[in-house]
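Here's the structure we're looking at; comments come further down.
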Amino acid sequence: MNKLFNLKSLSTFSFFLVATLVLQTCGSAKSVDSGYITTGPAVSYETDISPMMTRSCAPCHFPEEGKKQPLNTLESVKEHIDDILVRVQLPESNFKYMPFKSKKPALTADEITMLKRWAGQGFPK
């Protein structure tokens, strides 16, 4: 009887452990579309991306003033594009959402699409 009780306890514990893991994964994995777009109007770093980064990411991500990962050059934005796309599309209540605590204007859906298009077009200058 004692072995049967231990087996039931183990089964119950295993069920709750798996259920907890599944629920945590489902709740935190809000789908974020970081897929690049290859069609549409041409996008350039100088004309389109740099002003957007300056408006929404400075001073925190710009050296001289910022102490976070620099995002003030084509190379740095290109290197971190996947993380940028994920973080700007998170719910504002998520602690990883950028811009942090909405201190700067959030990127619009059109601007996020522009970032995806810029990446899909091979990061033109």
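The values are calculated or read from the model by the stated rules, or taken from the named source; none is laboratory data. From a predicted model like this one, the values you see are computed outputs, not experimental measurements. Here Cβ is always computed from backbone atoms with ideal geometry, including for glycine, and neighbour counts include all displayed protein chains. Accessible surface is based on the protein model in full, side chains and every heavy atom, while ligands, DNA and RNA are left aside. Shrake-Rupley method; radii C 1.70, N 1.55, O 1.52, S 1.80 Å.
Net charge of the neighbourhood of residue 39, taken over other residues with C-beta under 12 Å away and scored Lys/Arg +1, Asp/Glu -1, is +2. Length available on full extension from residue 92 to residue 47: 0.36 nm per residue minus the Cα-Cα distance, which gives 13.5 nm.
Listed cross-link partners 104/125; 68/125; 68/116; 67/103 are compared with a 21 Å cut-off, the Cα-Cα value being larger for 104/125; 68/125; 68/116.
Residue order by solvent-accessible surface for 116, 68, 125, 104 is 125, 68, 104, 116, largest first, with ligands and nucleic acids left out and a 1.4 Å probe.
When you restrict to C-alpha pairs under 8 Å that are six or more residues apart and normalise by the size of the range 57-120, the relative contact order lands at 20 percent.
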